[in-house]
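Here is the structure we will look at.
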Amino acid sequence: MTEVFTGSFTQQEPIPEEGIEAAVAVMRSGRLHRYNTAPGEIAETVLLEQEFAAQVGARYCLAVASGGYAMATALRAIGVKPGDKVLTNAFTLAPVPGAIAAVGAEPIFVGVTDQLVIDLDDLKAKANQADVLLLSHMRGHLVDMEALMALCDSAGITVIEDCAHTMGAAWKDVPSGTQGKVGCYSCQTYKHVNAGEGGLLVTDDAEVAARAVMLSGSYMMYEKHLAGPPKEAFEAIRFVTPNISGRMDNLRAAILRPQLRNLDAQRERWNGRYRAVEAGLRDTPGLTVIERPAEETIVGSSIQFLLKGWTASSVQDVLARCLKRGVELKWFGAAEPVGFTSRYDSWRYVDAPPMPASDAVLAGIMDMRVPLTLSLDECALIARIIKAEVGAIFQSA
Ligand SMILES: *Cc1c(COP(=O)(O)O)cnc(C)c1O
């Protein structure tokens, strides 16, 4: 009998009851805007910022409208100007070069290794071309952060971290997003907490934090930002920083607070599912599992594997055969962008020279979401289906 998976790769869990109740209370109050507080009241948005700053060990936190907005705000806040060059990952998703384009700057892509992290040799080779790196921890794969920070510090490169896939993750127990100048997170439905849309930005730098608060649209109400810098930090910048509205509202913050409290437990649940798929994929001829370094604390909300050296038509056969059995794999090697997958050479507003070594890696990257609504049995079933179909095509090739 041919096994088929009939579940969904895009179904999230419901918002926790506690979050629903908090959201209803905000709606009953009518005070959805973050600066609309009753006397003595601390807005849900402010509480969220205080709690997230404490959770990752950052001095300041700002809640905003999206992860993409957080990244563009971080770039503006550190002083990136139109025409500046910004280094970033060749293997990432569209909002990352998009954030660079949003400030009028130009991405310079840095290659990807077969461990799916930024290529430090390529970064070193390009270090003299820009003084900012927007580092995308794409699909949760953390590069050796000590080596990266040492390289960037010695080259005078300021690092902004895109932690859309590493909220709750760590390198040597240091929470992801706290080693660069600014850490940016997404609270969009398909990330690690779900507010529909939303973003968080953390930094230890008072001036950067002050600029980010002003940029996000605080008018002159920055003193209400209890997770923001002291008011002296605003003196020098408050008249010269434009308002580019992108605040978070209290409704989203109310939904997020209980989810953040539960993040460590969710990580363990994600990782149980990740390890179940990974175990099922091991020892499949033609398929390479990505070995995760011991220094990395992962959040296994998606899994990648490589079909190294496969032809495009063989990869497409695997995709089609898996899909027939209900297993939706994404492929980063396709010539045209499909759904959310896209490659550095599909962002044609960027002048990107070819990167043959990265192209060879990208051509083999298979990607699958691991939603928490999957059971462990379903994870094992999905792995059996992939293993069988990869095996069938590999043998006939
Ligand atoms: C989702 C995502 C973002 C930002 O997401 P928003 O949808 O703007 O919240 C940034 N980087 C990567 C790699 C992402 O997948």
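Please treat every number below as a calculation from the coordinates, not as lab data. Small disclaimer: the values here were computed from a predicted structure and weren't measured. Neighbour counts run over all protein chains shown; Cβ positions are idealised from the backbone, glycine included.
Give me Glu389, Glu21 sorted ascending by neighbouring Cβ count inside 10 Å, so fewest comes first. Intermediate values should be presented prior to the final figure.
Numbers: Glu389 22, Glu21 13.
Exposure proxy ranking, most exposed first: Glu21, Glu389.
Nearest 0.05, what FRET efficiency do Leu226 and His33 give at R0 = 22 Å with Cβ-Cβ as r? The partial results should precede the final answer.
Working: r = 16 Å, r/R0 = 0.74.
Rounded to the nearest 0.05, the efficiency is 0.85.
How much FRET efficiency would the formula 1/(1 + (r/R0)^6) give for Ser313 and Glu41, where r is the Cβ-Cβ distance and R0 is 51 Å, rounded to 0.05?
With R0 = 51 Å, the Cβ-Cβ based efficiency is 0.25.
Evaluate E = 1/(1 + (r/R0)^6) for Asp84 and Arg59, where r is the Cβ-Cβ distance and R0 equals 25 Å; express this FRET efficiency to the nearest 0.05.
Working: r = 26 Å, r/R0 = 1.04.
With R0 = 25 Å, the Cβ-Cβ based efficiency is 0.45.
Which whole-Hz ³J(HN,Hα) couplings does the stretch 186-195 yield from phi under the Karplus relation 6.51 cos²θ - 1.76 cosθ + 1.60, θ = phi - 60°, glycine and proline marked x?
Residue by residue, the stretch 186-195 yields 10, 10, 6, 3, 8, 9, 8, 10, 10, 10 Hz.
Across the chain, how large is the tail of the calculated P(r) beyond 35 Å, expressed as a percent of all Cα pairs?
Everything past 35 Å amounts to 28 percent.
To the nearest whole percent, what portion of all C-alpha pairs in the stretch 263-396 is separated by more than 26 angstrom? Working shown, then result.
Details: 2351 of 8911 pairs.
So the pairs more than 26 Å apart make up 26 percent of the total in the stretch 263-396.
Hey, in the GNM for the chain with a 10 angstrom Cα cutoff, which one of Gly183, Gly326, Gly246 fluctuates hardest?
With Cα springs under 10 Å in the chain, the top fluctuation among Gly183, Gly326, Gly246 is at Gly326.
For the chain, calculate the relative contact order in percent as a whole number, restricting contacts to Cα pairs under 8 Å that are 6 or more residues apart.
Numbers: 776 pairs, mean separation 85.9, N = 397.
Result for the chain is 22 percent.
Taking a spot 7 Å from the Cα of Ala357 along the direction of its beta carbon, which residues of the stretch 132-172 have an amide N less than 11 Å from it?
Under 11 Å, as judged by backbone N against the label point of Ala357, lies no residue of the stretch 132-172.
List the residues, sorted by chain then number, that are 5 or more residues from Ser302 or on another chain and whose placed amide H is less than 5 Å from its amide H.
Val370
Say we join alpha carbon atoms closer than 10 Å with springs in a Gaussian network model of the chain; which of Ala195, Ala38, Ala54 then has the biggest fluctuation?
The residue that fluctuates most here is Ala38.
Between Asp119, Asp351, Asp144, find the one with the highest GNM mean-square fluctuation for the chain; connect C-alpha pairs within less than 10 Å.
Asp351
In 5 Å bins starting at zero, report the fraction of Cα pairs in the stretch 73-192 per bin as a rounded %.
All Cα pairs, binned at 5 Å, distribute as 2, 12, 24, 27, 22, 10, 3, 0 percent.
Residue by residue through the stretch 302-314, what is 3J(HN,Hα) from phi via Karplus (6.51 cos²θ - 1.76 cosθ + 1.60, θ = phi - 60°)? Round to whole Hz and write x for glycine and proline.
With coefficients 6.51, -1.76 and 1.60, one gets 7, 10, 10, 9, 10, 10, 6, x, 6, 6, 4, 6, 5 Hz.
Only Cα pairs under 8 Å and at least 6 apart count here; give the relative contact order of the stretch 278-335 as a rounded whole percent.
25
Please turn the phi angles of the stretch 243-255 into ³J(HN,Hα) values with the Karplus equation 6.51 cos²θ - 1.76 cosθ + 1.60 (θ = phi - 60°), one per residue in order, whole Hz, x for glycine and proline.
Once θ is set to phi - 60°, the couplings for the stretch 243-255 become 8, 10, 3, x, 6, 8, 9, 5, 5, 4, 4, 5, 5 Hz.
Give me, ordered by chain and number, the residues 5 or more places off Ala169 or on other chains with an amide H under 5 Å from its own placed amide H.
Here the answer is Ser176, since their amide H atoms fall under 5 Å of that of Ala169.
For Gly199, what residues show an amide H to amide H distance below 5 Å, using hydrogens built from the backbone and excluding near sequence neighbours?
Val64, Ala65, Ser66, Cys187
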